[in-house]
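The values are calculated or read from the model by the stated rules, or taken from the named source; none is laboratory data. Keep in mind it's a predicted model, so treat the numbers as computed, not measured. Using ideal geometry, Cβ is built from the backbone for each residue, glycine included, and neighbour counts are taken over all protein chains shown.
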C-alpha cells in the first residue's frame, strides 16, 4: 500500500456513487485537463493533501493521509449551479461515510473518513464573471505499515 | 440552419476552442449554451463584418483563394469563439480593456484592421480586386493608355507612367 494505492481506492469509491455521476470522463487523479473537455458540467479532481507520518510501535509506522477531492461545477446559472454543486458534495460525503475502509482488501487502511471540506469558491475569468464553482472535500485515511530496518 | 455560403470557418472549428462549454454534449446542439443555431449566427455575422471590410478595400468577396481563405477562417473562428464565450454567465460589464463589452465594441474595428493589413497580400495571392484605387478618377480628353491600340508600338514614344501603376492596396490611400 502507498498513498497512490489509497488514492486509487478513493477514486473507485467516488465512481461507484450511484447514478453514474462520476466516470472516467469527468473524474481523475490530477487530471485538470478534464475541465477543458466539455464531457460534463461537473468534474472531480483528486490530489494529495497534507499528511502526518509517525511510528506507533518500534517497527510499525502509521501515516495519516489526506486526499483532497476538488469538485468543480460549471457556472451556468445563478443559484442553480451552486445547488448542483451542493448536491454533488452531499453525495460524496454520504458515500465516504459508508466507506470507512475504502474497500481495501489488504487490511492496511485502518480508517477512512470524510473529515471536512472547504468553502465553495468562484473561479473567475478576467472581466468575465465566475466560470466555475469549486469545493474541496477532504478524505482522511490511515495506513499502517510494518517497517524492516536496514 | 446552415452557414451562409459567403461565411468562413465552421461550427467544428469554433467548437475546438470552446469544447469546455459542451457540458457533456458531443457537439453544440439545441440544448447547449449557445445553441448551434446561435453559434452559426455568430459565424455568419462575423463573416459579414469581415466581407464588408474587405469590400471596402476593393476585394471581391467571399474570398475563395485557399490560402487567403485560411486567414479569413482563422479570424472568424476567433470572433465566433469570443461570441460563444460571451454567452456565459458573467459580470464585469465595463468599458475597461479586456472587459466583456470591449470585445463587442471592437469587432468592426478589428475587421477593418484585418482587411487593411492583409489586402495587399491577398491581391498578390490572386484575390480579385474589382474596385481599385483609381476607380474614382476619370480622365477626359484622350483615351486611357491601357485602352490604346498602339500602346505596344515601339516606334511611338510611350508614356513612362500609366494609370494604376502605383496601386498599392495595402497602404493608406
Q) For region B:9-32, does any single residue satisfy the condition of being part of a helix (DSSP H, G or I) and out of contact with any helix residue (DSSP H, G or I) (no Cβ under 9 Å at 6 or more places or on another chain)? A) yes
Q. Mind checking which residues of region B:34-44 are outside any helix (DSSP H, G or I) and surrounded by 17 or more Cβ atoms within 10 Å (Cβ to Cβ)?
A. B:34
Q. In region B:63-77, what residues are without any contact (Cβ under 8 Å) to a residue 40 or more places away in the chain and more than 12 Å from the chain's Cα centre (by Cα)?
A. B:66
(Q) Please return the ranges of strands (runs of 3 or more DSSP E) entirely within region A:85-150 where 3 or more residues are closer than 30 Å to residue B:86 by Cβ, within 14 Å of chain B (Cβ to nearest Cβ) and under 16 Å from the mean Cα position of the chain (by Cα). (A) none
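Right, residue A:81: assigned to a strand (DSSP E or B) and either within 14 Å of another protein chain (Cβ to nearest Cβ) or out of contact with any helix residue (DSSP H, G or I) (no Cβ under 7 Å at 6 or more places or on another chain) (or both) or not?
No: the conditions fail for residue A:81.
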Q) In region A:23-66, which residue that is in a helix (DSSP H, G or I) and touching a strand residue (DSSP E or B) at 6+ places or on another chain (Cβ under 7 Å) is surrounded by the fewest Cβ atoms within 10 Å (Cβ to Cβ)? A) A:32
Q: Tell me which residues, restricted to region B:61-89, are at pLDDT below 95 and assigned to a loop (DSSP other than H, G, I, E, B).
A: B:87, B:88, B:89
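Across region A:67-78, which residue is nearest to the chain's Cα centre (by Cα) among those that are surrounded by 22 or more Cβ atoms within 10 Å (Cβ to Cβ) and either part of a strand (DSSP E or B) or more than 14 Å from chain B (Cβ to nearest Cβ) (or both)?
A:69
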